[in-house]
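This report refers to the structure that appears directly beneath it.
Please treat every number below as a calculation from the coordinates, not as lab data. This is a predicted model, so every value here is computed, not measured. Every residue, glycine as well, gets a Cβ built from its backbone with ideal geometry; the counts of neighbours run over all protein chains shown.
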Amino acid sequence: MIVVDWKKEGYVRDGDAKEWQADALLDSLKEGTAEANKDRLRRGHPALDITGWIEPPAYDAQTHRLIWSLAATVRGAPADQPQTVNYNTYALGREGYFSLDLLTDSASVETDKAAVRQVLGTLEFNAGKRYEDFNASTDKVAAYGLAALVGAVAVKKLGLLAVIGAFLIKAWKLGALAVVGAGAAIRRIMGARKAGPP
């Protein structure tokens, strides 16, 4: 499944992409996850362990696209069980960014990521809304830089539970839209039956 989201956070400065180090980012994510695990355990949920990069952060300064992916396991899960994978891709624009998150597992990610990369490659901003159209005198600048989109800042501030919670909310919205759509279709069918044949 690919979850597509638009975040109107303002212009995300990408200067920190030149300075980040994949190992340091990974350590930061592991620390944030370890802290979030305390809350998970208190709530009766199993702890999560980040096992490493599926794909370390890569930012293309020409297209303003960011891709990164981590593997995580539920602590105590069988060793032969596929790892959970969020394959994260972003397209930056003048007023915010699109995130396209592929939800898959370690057994399928190599095949599945081609699909999300294809979607990312076809996404284009309208003229005037592109990253390069930014106007420093008038446009809002996001409160964080590119490194936050890799989670180093987000996980430390919010905890992994908040990230998971955001995904569950997105998934619930998708389910709710499907239910609303199904309800509308049923009403149309029932209305057609009451009205008789055309």
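List of remarks:
- Whether the stretch 1-116 is rounded, prolate or oblate, judged on the alpha carbon gyration tensor where a/c under 1.5 counts as rounded: prolate
- 17 Å tail of the calculated P(r), the stretch 44-111, as % of Cα pairs: 49
- Per-peptide average of other Cβ atoms within 10 Å, ordering 73-85, 26-38 highest first: 26-38, 73-85
- Placed amide H near residue 141: partners under 5 Å, 5+ positions off or other chain: 11
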